[in-house]
Structures are given as structure tokens and as C-alpha cells.
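Here it is, the structure in full.
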Amino acid sequence: MSAPVAPAAASVTAPPPRARPSFARFLRRNPTMALGGLILILLLVTAVAAPYFAGDPISMTPAQRLKPPSAEFWFGTDHLGRDVFARTVYGARISLLVGLSVAIFSIVVGLAIGLLAGYFRKVDAVVMRLMDGLMAIPAILLAIALVALTKASVFIVIVAITIPEVPRVVRLVRAVVLSVREAPYVEAAVASGTRTLRIIRRHILPNTIAPLIVQSTYICASAILVEAALSFLGAGTPPDVPTWGNMIAQSRLYLSVAPWTIFCPGIALATVVLAVNLLGDGLRDRLDPRLARRM
């Protein structure tokens, strides 16, 4: 009797490696994020390289005042003979600096306060009442009051805009913490005796990253607009600092005879705010699991 023949081992083939998403596919699936990011990168590079090609934004040439755009002055000149193109490019440095700084500071401070308020009930009762009080004050009025009490400077403007933004971040983080705190894996970690700091760092903090990234883009756009408004009202950066708000405020009397002195910084302001909002919308669609599954 012949020995039974062992069945042939089933051949196991490794699944083909997943193809890395190409840049064209990324653009097709994330058009708003790609467009906003591209515009911001171009503006950032332009602002950083301003000293090498933009010219002098401060020097005045009265003989060249209110000149229209030309090959010599791409964006024309203002009522003091200053180059509008150079001032617009240098204004991007101030606006991007204020927007990024306010976003970073408000996220860091709001995250720390929101984690404490959301996880500890006794802290929540006190902190959130303070946050509600700050939110009851209009942001622009609070910023004007803080700037009026101190000497106008870029740093003071950043601090004045950051304070009204912190309560919004605190409320966002607190809402995330309250929902995650009741999750089964968090309750299991508490029951097993895990230290509170480790629970916050390992289980709660990662859940706040995605909403904070999206919120930071909107804070950046709002800070740029508030800085321009403060400069326009004369309560922001000093008048000698080339910012888009200062340019619009100083040239508003010459709108009928030299509209380029207002349109150029105004278009630049609208472009950077639009780019930040496009980036935020793209990040929201990308980081939201429900929207990401549809893409």
C-alpha cells in the first residue's frame, strides 16, 4: 500500500506593495489644501527674500510721489514717494509674523488650559468662567485697550491678539477632552492605576491634535485681519513700520487720484487670508475621518 501523498503547500504570494500617492493624485484629491499651501509658500519665500529684490520701503522721494505703476515702480508710489511694491512685500513679513505667532501662542496656552479644565472638574468650574468673561469682550476692543495702555509695537500687537483667541482654543480642547475622558480605554487606564499625567499625554492629548491644526489656520487668518484693522485705526504697529494696515490708512485720502496705493496692499491682504482659509478647509477635509472616507 502506497504512503499517502501530502497535499502540496498552498503558495502564498505577498500582496503587491501599495503604490505611493503621486503628487498629481495629491493635487487632485486635495485641491484647496494644495492651492492654499502653494500661495502661502510663495508669500513666505517672497517675504523672507524681500531685502534682496524689493528695494527700500522707507526712503522717501517727494519728486516721485503718486507715480502710477511702471517698469521702475511696479506698484507705483505713495504720497511720500515711497515704493508701494517694496512696502507691500515688507508688509507680508509683519502679517505672516503676527499670524503665525498668534496661532502658535494661542494654541500652546489654550491647549494647556483646556486639558486641565476638561480633565479636572474642579479646575473646570473656575477656568471656564474666566474664559466666558474674556469671550464676552469683543476681540478688537480688547486689543485696542491693551495697545493703548502700552507702547505700540509688533510684540504688543501679538499679545493683544493672542489673549482673545485663547478662550476659543480652550473651549475646543475642553470639548474634545470631555468626550475622550469617558472612552472605555481611558476608564480602563484609570482603573489600572495609570498616572494622570501619562493618561493625558498618551490617551487624551493625541485626540486634540487634528482639531487644533485646523483651528490654528483660522486663528492665523483672523490675527492677520485684526492686525490690519488695528494698524488702520492707528492702534497697532507704529506708523513708520510698513504694514498693509498702515499703508491703507495712510493712503485712504488719495484713493481717487492714486487707487493703487490701497488696492495693492488690500489685494495682498485678501490673498494671504484666502490662502490660509483654503489650507484650513483642506486640512479639515483631510483630517475628518468621515470626509476622508468619501475622498
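Each reported figure results from applying straightforward, stated rules to the coordinates on display, with no laboratory input. Model, not experiment: these values are computed from the prediction. Reconstructed Cβ throughout: ideal geometry from the backbone, glycine too, with neighbour counts over all protein chains shown.
Dimensions of the stretch 35-90 along principal axes (Cα, Å, largest first)?
Cα extents, longest axis first: 40, 19, 17 Å.
Modelled label-to-label distance, residue 56 and residue 287, 7 Å Cα→beta-carbon offset: nm?
Each label point lies 7 Å from its Cα, and together they span 4.5 nm.
OK, next. What percent do you get for the relative contact order of the chain when only Cα pairs under 8 Å and 6+ apart count?
25 percent
At 1.306 mPa s and 10 °C, plugging the Kirkwood radius over alpha-carbon pairs of the chain into Stokes-Einstein gives what diffusion coefficient in µm²/s?
Numbers: Rh = 22.5 Å.
D, rounded to a whole number, is 71 µm²/s.
Can you give the convex hull volume of the alpha carbon atoms of the stretch 127-185 per residue, in Å³?
It comes to 86 Å³ per residue, whole-number rounded.
I'd like to know how the stretch 161-280 sits against the 2.2 N^0.38 Å rule of thumb: what's its Cα Rg over that expected value?
Normalised by 2.2 N^0.38 Å, the Cα Rg of the stretch 161-280 equals 1.60.
Highest mean first, how do 35-44, 120-129 rank when packing is the count of other Cβ atoms within 10 Å averaged over residues?
Result, highest mean first: 35-44, 120-129.
Could I ask something else about it? The stretch 57-134: D in µm²/s via Stokes-Einstein (Kirkwood Rh, Cα pairs, 25 °C, 0.890 mPa s)?
152 µm²/s
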